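Notes to accompany the following structure.
Readers should treat all values here as calculations from the given coordinates under stated rules, not as data from a laboratory. Quantities reported herein were computed from a predicted structural model and do not represent experimental measurements. So basically every Cβ, Gly included, is an ideal-geometry build from the backbone, and we count neighbours across all protein chains shown.
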Amino acid sequence: MRGGPFILVLIAVAAVIFGLARWLDNSYAFFVGYVVVQYIVLGTAWNILGGYTGYVNFGITAFFAIGAYSSVVLHKLVPAMPLPAMIVVGGLMAGIVGVGTGYLTLRLRGVYFSIATLALAVVVQTLITNWDFVGGARGAYVLRPRTAPLIGGGYIDYLFLIMLGLCVAALATARAIERSALGFGFAAIRDDEAAAEASGVPTLKLKLIATGLSGGFMGMAGAPLPFYVTYLDPSSGFSLNYAVNAIAMPLIGGTSSWLGPVVGAVLVGGLQEYLRVTISSAVNVLVAGVLMVVFVIIAPQGIVGLFKRKRR
Amino acid sequence: MDVSLDLLMNAVISGLLLGGFYAAVSIGVAISFGMLDIVNIAHPAFILLGSYVAYIANTVLGVDPILAAVIALPAFYLLGMAVYQVYYVAFERRDDQSLRGLSFFFGLLFIAEVGLILVFGVDYRSVNAPYIGPSLRLVLFDLPYRLLVPFLVAMAMAVGLQLFLSRTFLGRAIQAVAQDQLALQLMAANPVKIKRIAFGLSIATASLAGACLIIIQPVEPSIGREYIGRIFAICVLGGLGSFPGMIIAAMTLGIVESLTSTFFGPSWSPAVAFGVLLVTLAVRPSGILGR
């Protein structure tokens, strides 16, 4: 399937999902759907760098929270600003931070980048905890409008629609990368960086593109968060759950294609929601971590990889 | 800003002591990352495990936390060997350390943190020992025993391990693995066995480091994450695989952090390690005393 039709199919699927949620007319469905779709975006964003180039980013929460807190700032400065504009700003901010971190560390071995991103999460959290304008350690309240603009209904409907739109954009980008020269360059870096460099692949430039795109999408996924939770404090915005889920879902689903993060997010996100309702909210966060460790040991190619192997 | 000499002096001294403690925390990673090339980002989780072992021994049985950690050393050693065995079979043998190996340790870190939350809750826990509280008063400055004891434990650990690595046959074999694994194989030694022992040692240090941690500050399950940045900043700054470099780096970081928290407020100190790490990676990735 070519790029254009693929995007149309994605939009159609998203429209059907949104129509279904509207028809159910149950705000719980919107709240759960938002979380799952948000994880598809986060997982896809992580996979653009992690799965395609092989560089592991552990600082998902940093990028995610940069997006979320840039919305808090914008909302305080310009209360009337529409959400899509905030998402663009949040994505840009996170993308810039991604490129900056990458520029300093990506010239070295891959592990240094991973370690730097781990530390980046702590540092961004420290900065925000000390920044009184966005509430500091006390947290910030964001009043969301009662009704959604343009489409009517509850505001959560609107948030869900926005997240679905982001998801379409992220998946279309990921699939376009896979099939372009950019994607082949990424794969060359992942398989043998020295050989790629020797063959004339501009490795640092490609890695910076991947880091910027990946960080940008994470920031965009985080930008609507303040409106979803209405109260945002550093410890919830920087919760390790986001990082673990965003890494676990692509690894469980399979890192080699755009479908992997989708499969992983739907399965793990659905399972977590089920466990949260039936057992307890403490157990559901464990699931992603345990599943991730089990999958990287037993099924390194993920679920998509298992099916591909069977077909051959 | 009113910088009194007295304040500066005390900040530097407590930074030095804190740096000693940081050396205890980092020495395990100096072995696993510096010598074995295993990027064990879950090391802080093992340290926290050590803290909680010391906490249980102290509150239930009334044992001194350091003594409890010494008793727990063999258990941590075995745990480390077991973790290495899984890591070797699942990742090193398949030559897939970077993406999945890192994710494996990240998963361990997370599972340990959530597990500790499920068992102990998110409350801060602390221990009781006679040396927590009083200070050794010298003419110009005070030495709090709470910091002095971990400092001495760390130095004992570093000296002991350095002697072990340079004087014993096994220690030299570990250094040989760090230098050239293939050559070791040609000498008919099994690098996997030696790495297993070395990784066991690196996790064993977490037992003592954990006891030191809970002596210095109350502990809750998520503080381990703050130490990841510090540990790797110290190991990279010190130069991988060099103990003297690591101790110098640990003290440098301790002093800079102590000065930061004295003059800018303690809430800023977690950011220091990241700054040090980034500057080192950008300017001199091989560290102060790098190979």
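Computed values, structure above
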item	result
In degrees, nearest ten, helix B:169-179 long axis to first principal axis of chain B (Cα)	80
Of every Cα-Cα pair in the range A:3-238, the percent that sits beyond 30 Å	28
Shielding by partners, peptide B:221-231 (average Cβ within 10 angstrom, other chains)	3
At least 30 Å along the helix axis (C-alpha) and Kyte average at least 1.6, DSSP helices within chain A	A:3-24, A:83-105
Additional length obtainable on full extension of the chain from residue B:164 to residue B:4, 0.36 nm per residue less Cα span	53.2 nm
Geometric extent, Cα atoms of the protein assembly as shown - Rg, Dmax (angstrom)	24.6, 80
Nonlocal amide H pairs with residue B:125, under 5 Å, H built at 1.01 Å	B:219, B:220
Efficiency of FRET from Cβ geometry, residue B:279 and residue A:274, R₀ 56 Å, rounded to 0.05	0.75
5 angstrom amide H check on residue B:135, placed H, neighbours 5+ away	B:145
Ranked packing of A:57-67, B:265-275, most packed first, by mean Cβ within 10 Å	A:57-67, B:265-275
Shielding by other protein chains, A:122-130, mean Cβ within 10 Å	5
Expected 222 nm ellipticity per residue - DSSP helices of 4 or more, -39500 (n - 2.57), all of chain A, to 500	-26000 deg cm²/dmol
Gaussian network model of chain B, Cα within-10 Å springs - most flexible of B:103, B:126, B:26	B:103
Helix B:243-263 vs. chain B, principal-axis angle (Cα, 0 to 90°, nearest 10)	30
Area projected by the alpha carbon convex hull of chain B, averaged over all directions, nm²	16.1
Inter-chain shielding of B:268-278 (mean C-beta neighbours from other protein chains, 10 Å cut-off)	5
Segment residue A:281-residue A:236, extension gain: residue separation times 0.36 nm, minus the distance between their alpha carbons	14.8 nm
Among B:175-181, B:214-220, the order from most to least packed when residues are scored by Cβ within 10 Å on average	B:214-220, B:175-181
Protection proxy ranking of B:154-165, A:81-92 - average other beta-carbon atoms within 10 Å, highest first	A:81-92, B:154-165
Residues of type aspartates and glutamates that residue A:207 reaches as a straight line, Cα spacing below 19 Å, ignoring anything fewer than 8 places off in the same chain	A:178, A:191, A:192, A:193, A:197
Most fluctuating residue given options A:182, A:166, A:150, as computed from a GNM of chain A linking Cα atoms under 10 Å	A:150
Within a Gaussian network of chain B (alpha carbon springs, distance under 10 Å), most fluctuating of B:173, B:42, B:198	B:173
Other-chain or far-sequence residues with amide H under 5 Å of residue A:140's (modelled H)	A:232, A:233
